[in-house]
Each structure stands twice: as C-alpha cells, then as structure tokens.
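Step one of this worksheet: look at the structure below.
The values are calculated or read from the model by the stated rules, or taken from the named source; none is laboratory data. Not measured: the values here are computed from a predicted model. Note that each Cβ is placed from the backbone with ideal geometry, even for glycine, and that neighbours are counted across all protein chains shown.
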Amino acid sequence: MENIYLVSNWFFGWDVVFEFFFALIALGVSFHSFKIHKLTGQRSPKLFGLSFLFFSIAYFIQSFLNFAIISKLNENICDFFKIQAVETLNLIGLYFHITFFILGLVTLVYMTLNTDNKKLYLLLLSTSLLFVALSQNSIYAFYFLSSVFLIYMVSHYFTNYLKNRQTKIILILVAFVFFLLGNIHFIFLINHIKFYIIGHFLGLIAYLLIFVNLLLVLKNDKKKK
Amino acid sequence: MTKKRNKLEVIRDILKVIRDKHGKIKPTHIMYKSNLSHHMMEEYLKELKEKGFILESNDEKHRTYSITKKGLEYLEKFKFIINFTDSFGLNF
C-alpha cells in the first residue's frame, strides 16, 4: 500500500467532520436495524444492522486517523507504541478502515442472497480480503472491489423497486448510486486532489439520503403514537 | 387483484388471529382465518414458537396456541417494522 491520498489544504479537517458524520448515521441505522431484528427475529435486519455497524467502525477509524494527522496526535501515539514512522501508523489505520468497510459490504451482499450458508459468507469475505491484501496497490484494489459490490447493491435495489414498485425504496436506491459514484471517484483520487473532495461530497449526499430515510421512518412511528 | 402478503404481514395476520381469540386458538382456526395452507401454517407456527411469539399448549384432545408479550409487542410495533423494512429494502 504505497500511495497515500493527496488532500487539498482547505479540506483538511473537514474530512474528519464528514467521516464522523458518516459514522454516526451508519451507527443510527445499525441501532434501529438491530431493534427491528429484536422485534421480528428475522435475519435480514440483523445482517443489515451488522453491515452498518462495520461501516460505522470503518468511518470512526478513518475520522480518528485523519484527526490524529491534523492534531499531530499520531506522533504521540507512535512514541507511546514505539512505532518508528508515522506513516506506518497511518497505514495500519487505513488497513483497519479497509477491513471493516469490506466486512460491511460483504455482509450487505450476503444479506441479499437470502441464504444461511456460512461457508459462502466466509468464502466471500476471505476472497475479498485476500484480493485487496495481495494486490500491488491495495487502495486501488479496495475501491475497485467496493465498486463491484456497490454496483451489485444498486442493481439489487433497482430490481427490488421494479418488482415491488415501492416508492419508499427510491431514497435508499439513490443513496447507493451516490455511494457508487463516490467510490468510483476515489479510484482516481491518488493523482488528483479534487477527487478526494468530490468523493467526500458524494458520500455526504448518500449519507444525507439515508439519514432522511431514517428520519421519515422514525417520524411516521411517532405520528402513529 | 390483491397484493401477495410478505412474511412479516403473514406473521402479523397469524398473531392477530391468536390475539383476537383472547388467548387460545386451535390450529385449524388459525389456518382458515389467516388464509394459509396446512403446510405453510405449520412452518409459521414452528418459527413463531421458536422465536417466542406464541405458546403451544397440549391437553388430551387439542393443541392450542396463545400469544406472548413478545407477540403483542410485534403487533404494536408492526407499522414501524414494516416502514423500516420497506424503506431500507429488507423485504422478506
């Protein structure tokens, strides 16, 4: 993993806020999904909640990592753990972020397959992690793999919409389209500063849509009471 | 043509039938009132029993079912459940 992102100076700090916001929304979705699982005992909300919990952890790590870079906290952490170079710590953090994000995506894809086959889950997960870990450029491999999974998720939600014609699903479908666009953008960011910012803004739109979706569900629940 | 019920809606219908009978109901009544085949009904009852939504009692002649607190909570929160699962595409 030899490339580190190039970030525009003015955006430095904002990315921490964005990622923290993503983490909080993902955590909120996860919490309510687990609540639905508790009420229904069904498998889909459990896996959905688990995947958003993994996303949330991935974003908390990313946010903390960027915060540590800005505040120079990473130098203190390196001193404490006796890590020689700050870059090593940044790479460790990045690897953790990638691992949790892949865990989230694999869990989400596995949920749509409607199977209880744990071997399939392990196969999907191990193949994905090995593909990224053994690639010459792990960041490119990660964003490529995420894009493939996100294309699958967009097509899943689109077919779902066509089948059921439920307007409620449109928000989440569009959110996943923005996730995908943001992810494809990240593939180019290694050489282009602007792409990092655009990628974050596309992610922001996606998470805002998910947030609105969640708020509408909670508002309807309150109205009923 | 009416829309086919999804799994959560079938569960709601079964639980409602049991609740409306004020506690105890025979499987044949559940089958007729919730509009299910015998095989499907048995599968649902097995799942609901395992998940703690209903209780099965057996006396000498009959097998009856009653709803639990968890089952009542499911009915109470059904709108929230269906709104969430529809909005996030968690169709069953």
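Listing for the model above:
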read-out	value
Checklist (1) free of Cβ contacts under 8 Å to residues at least 60 places away in the same chain; (2) more than 13 Å from the chain's Cα centre (by Cα) applied to B:I81, failing item	(1)
Tally, over region A:180-200, of residues that are at pLDDT 80 or above, of a type outside the set (G, A, S) and under 14 Å from the mean Cα position of the chain (by Cα)	5
Residues that are of a type outside the set (D, E, K, R) and either within 18 Å of A:L216 (Cβ to Cβ) or facing chain A (nearest Cβ under 10 Å) (or both), drawn from region B:54-74	B:Y74
Members of region A:17-60 found to be over 11 Å from the mean Cα position of the chain (by Cα) and of a type in the set (S, T, N, Q), listed by number	A:S30, A:S33, A:T40, A:Q42, A:S44
Which numbered condition A:S147 fails, given (1) within 17 Å of the chain's Cα centre (by Cα); (2) within 14 Å of chain B (Cβ to nearest Cβ)	(2)
Selection status of A:S63, assigned to a helix (DSSP H, G or I), within 27 Å of A:F142 (Cβ to Cβ), modelled with pLDDT under 95 and within 14 Å of chain B (Cβ to nearest Cβ)	no
Residue within region B:37-51 that is at pLDDT 90 or above, under 14 Å from the mean Cα position of the chain (by Cα) and among the polar types (S, T, N, Q) present	yes
Extreme residue, modelled with the lowest pLDDT, among residues of region A:66-108 that are under 30 Å from A:H156 (Cα atoms) and among the aliphatic types (A, V, I, L, M)	A:L94
Boolean, A:F52 is surrounded by 21 or more Cβ atoms within 10 Å (Cβ to Cβ), in a helix (DSSP H, G or I) and not charged (D, E, K, R)	yes
Helices (runs of 4 or more DSSP H) fully within region A:93-200 counting 2 or more residues that are among the polar types (S, T, N, Q)	A:118-133, A:138-164
Output for region B:7-53, where each listed residue is closer than 21 Å to B:K69 by Cβ, of a type in the set (D, E, K, R) and more than 14 Å from chain A (Cβ to nearest Cβ)	B:D13, B:K16, B:R19, B:D20, B:K21, B:K24
Identity of the residue in region A:101-127, crowded, with 20+ Cβ neighbours inside 10 Å and more than 14 Å from chain B (Cβ to nearest Cβ), that ends up farthest from the chain's Cα centre (by Cα)	A:V106
Residue check, A:L24 within 14 Å of chain B (Cβ to nearest Cβ) and in a helix (DSSP H, G or I)	no
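Each row is one residue, and each column tells you yes or no for (1) crowded, with 19+ Cβ neighbours inside 10 Å; (2) in a strand (DSSP E or B).
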position	(1), (2)
B:K46	no, no
B:E60	no, no
B:Y65	yes, yes
B:K70	no, no
B:E73	no, no
B:K79	no, no
B:F84	yes, no
B:G89	yes, no
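Residue-wise test of (1) of a type in the set (S, T, N, Q); (2) modelled with pLDDT of 95 or more; (3) crowded, with 18+ Cβ neighbours inside 10 Å; (4) in contact with a helix residue (DSSP H, G or I) (Cβ under 6 Å, 6 or more places away or on another chain).
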{"site": "A:E2", "(1), (2), (3), (4)": "no, no, no, no"}
{"site": "A:Y5", "(1), (2), (3), (4)": "no, no, no, yes"}
{"site": "A:N9", "(1), (2), (3), (4)": "yes, no, no, no"}
{"site": "A:D15", "(1), (2), (3), (4)": "no, no, yes, yes"}
{"site": "A:E19", "(1), (2), (3), (4)": "no, no, yes, yes"}
{"site": "A:I25", "(1), (2), (3), (4)": "no, yes, yes, yes"}
{"site": "A:F31", "(1), (2), (3), (4)": "no, yes, no, no"}
{"site": "A:F34", "(1), (2), (3), (4)": "no, yes, no, yes"}
